[in-house]
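Report on the structure given below.
The values are calculated or read from the model by the stated rules, or taken from the named source; none is laboratory data. On a predicted model such as this, the values are computed, not experimentally measured, just so you know. Remember, those area values only see protein heavy atoms, side chains included, never the ligands or the DNA or RNA. Shrake-Rupley method; radii C 1.70, N 1.55, O 1.52, S 1.80 Å.
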Amino acid sequence: MAQDLALAQSHAFSLSRILMVPITLFKSGDEFGVLPSDELDDEDDLEIVHEYVPGGSH
């Protein structure tokens with residue numbers, strides 16, 4: 001988790017391009033995190049900020 005949005009965005013974009021899977025950038029409390037989109041549950045109490053799709057624009 002990171003408190004810097006720009007850092008989290010950079011990591012999410014890079015992960016999406018490296019792993020070639022959609023990556024979701026989310027906020028939980030006052031921190032940001034990234035996970036492969038298919039690992040997020042509907043039950044998670046997270047605020048979705050953006051989804052990075054490989055080959056798409058960010």
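Counting 0.36 nm for each residue step from ASP30 to ASP44 and taking away their Cα separation leaves a gain of 3.5 nm.
When the chain is treated as a Gaussian network with alpha carbon springs shorter than 10 Å, the biggest mean-square fluctuation among LEU19, LEU46, LEU35 belongs to LEU19. At a probe radius of 1.4 angstrom, the accessible area of the chain per residue rounds to 70 square angstrom. Remark: relative contact order (the chain) = 38 percent; criterion is Cα-Cα distance under 8 angstrom and separation of 6 or more residues. Full extension of the chain between ALA6 and GLU51 yields a length gain of 14.8 nm, computed as 0.36 nm times the residue separation minus the alpha carbon distance. Placing ILE48, ILE18 in order of accessible area, with the largest value first and a 1.4 Å probe, yields ILE18, ILE48. Overall dimensions of the chain, expressed as equivalent-ellipsoid semi-axes from the Cα gyration tensor (√(5λ), whole Å, largest first), are 18, 14, 8. Here the accessible area of the chain is 48 percent carbon and sulfur, with a 1.4 angstrom probe and all protein chains present.
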